Amino acid sequence: MPELPEVETVRRGLAPAMEGARIENVEVRHRGLRWPIAKDFEKRLKGKTVEGLGRRAKYLLADLSSGDVLIMHLGMSGSFRVGKDAKPGVYYHEKSKSTAHDHVVFHMSNGATVTFNDPRRFGSMKLVPRGKLEQEPLLRALGPEPLGNEFDAAMLARACTAKKTSLKAALSDQRVVAGLGNIYVCEALYRARLSPKRQASTIADRNGRPNERAVALVEAIKLVLNDAIKAGGSSLRDHRRADGSLGDFQHNFQVYDREGQPCPHCKGTVKRIVQTGRSTFYCPSCQK
């Protein structure tokens, strides 16, 4: 499933085509996504201007002139592509040729077409009134944004103080920190030199104050996410940028999917274990 860097990469690719433009028409070709697309979906979108395109955790949020917010999730295999603008002087990327799983097409007033493609149909689209966004079940339990100014060692330490789970499990919990998944948890723990098996509460003292582990971990999380965003995210199977190109961060993995290979930091060997049903990659020699 795409994580924060992939979703942020998609947001940045869609923004030039969608922000400030009016939705002239919407084609819903298949309503059967993770949840069926509402019957009034097209009516509520047609003629509305996208005033802003944001992101919350792994969700894209299109703020509309009607007062609604369009919440979009890529699911396991979802992607957006932006069609070429017909107007001279303004360029958008050419459509890809794979259209068998195109489910929703937005026709924008600037001439761009934005198409959502999802072979596995685990993606979703939902319209929510802006005033009810904080109570929306998809968003209300999410933890802090890891790239936000308020996310720091003290915040992470408080969230982990009483946890008896592993650091890997805690960081993968969207209520602790939003947007992280298997790839970037593994990579951040490696950069912080912390074992994924370490108990989460050990990054705080008895009073919930952060120690040096919490400081190193927050710094590592922010660095790895920013590096991944600059590289356009990681393309292992389905992730594509809005122009159809692959992300590049998979070429920079230090431990993820590198079982049996040498550790880039020491003379150890990257190991794979299973935690909460997911593969974890780490170096037992330098991650303690």
> Taking the range 31-61 as the region of interest, how many residues are assigned to a loop (DSSP other than H, G, I, E, B), more than 22 Å from the chain's Cα centre (by Cα) and surrounded by 17 or more Cβ atoms within 10 Å (Cβ to Cβ)?
Replying inline: 1
> Which of the residues that make up the range 161-183 are farther than 14 Å from Ser195 by Cα, at pLDDT 95 or above and charged (D, E, K, R)?
Replying inline: Asp173, Arg175
> Of all residues in the range 244-260, which are touching a strand residue (DSSP E or B) at 6+ places or on another chain (Cβ under 7 Å) and either loosely packed, with under 15 Cβ neighbours inside 10 Å or within 26 Å of Arg198 (Cβ to Cβ) (or both)?
Replying inline: Val255, Tyr256, Asp257, Arg258, Glu259, Gly260
> Which of the residues spanning the range 62-91 are part of a loop (DSSP other than H, G, I, E, B), more than 21 Å from Ala178 (Cβ to Cβ) and modelled with pLDDT of 95 or more?
Replying inline: Ser65, Ser66, Gly67
> Counting only residues that are of a type in the set (Gly, Ala, Ser) and assigned to a helix (DSSP H, G or I), which one in the range 141-196 is nearest to the chain's Cα centre (by Cα)?
Replying inline: Ser172
>> Only one of Ala228, Ala242 is closer than 28 Å to Cys160 by Cα and under 24 Å from the mean Cα position of the chain (by Cα). Can you tell me which?
In response: Ala228
> Under the condition of being surrounded by fewer than 18 Cβ atoms within 10 Å (Cβ to Cβ) and among the acidic types (Asp, Glu), which residue from the range 222-243 is farthest from Ser79 (Cα to Cα)?
Replying inline: Asp227
> Among the residues of the range 217-230, is any farther than 16 Å from Phe151 by Cβ and part of a loop (DSSP other than H, G, I, E, B)?
Replying inline: no
>> For a quick check of your reading of the model, give me the residue pairs whose first member lies in the range 107-135 and is assigned by TED's automatic domain parsing to the domain that holds Ser79, whose second is of a type in the set (Val, Ile, Thr) and assigned to a loop (DSSP other than H, G, I, E, B), with beta-carbon atoms closer than 6 Å and at least 6 apart or on different chains.
In response: Met125/Ile37
>> I need the full set of residues from the range 143-153 which are in contact (Cβ under 8 Å) with a residue 60 or more places away in the chain and surrounded by fewer than 18 Cβ atoms within 10 Å (Cβ to Cβ), in order please.
In response: Glu145, Leu147, Asp152
> Listed residues Glu219, Glu187; which is closer than 30 Å to Ser79 by Cβ and among the acidic types (Asp, Glu)?
Replying inline: Glu187
> When the range 111-136 is examined, which residues are found to be buried (at least 17 other Cβ atoms within 10 Å of the Cβ) and part of a helix (DSSP H, G or I)?
Replying inline: Leu133
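The values are calculated or read from the model by the stated rules, or taken from the named source; none is laboratory data. Fair warning: this is a prediction, and the values are worked out from it, not measured in the lab. Counting neighbours? That spans all protein chains shown, and the Cβs are built from the backbone with ideal geometry, glycine included.
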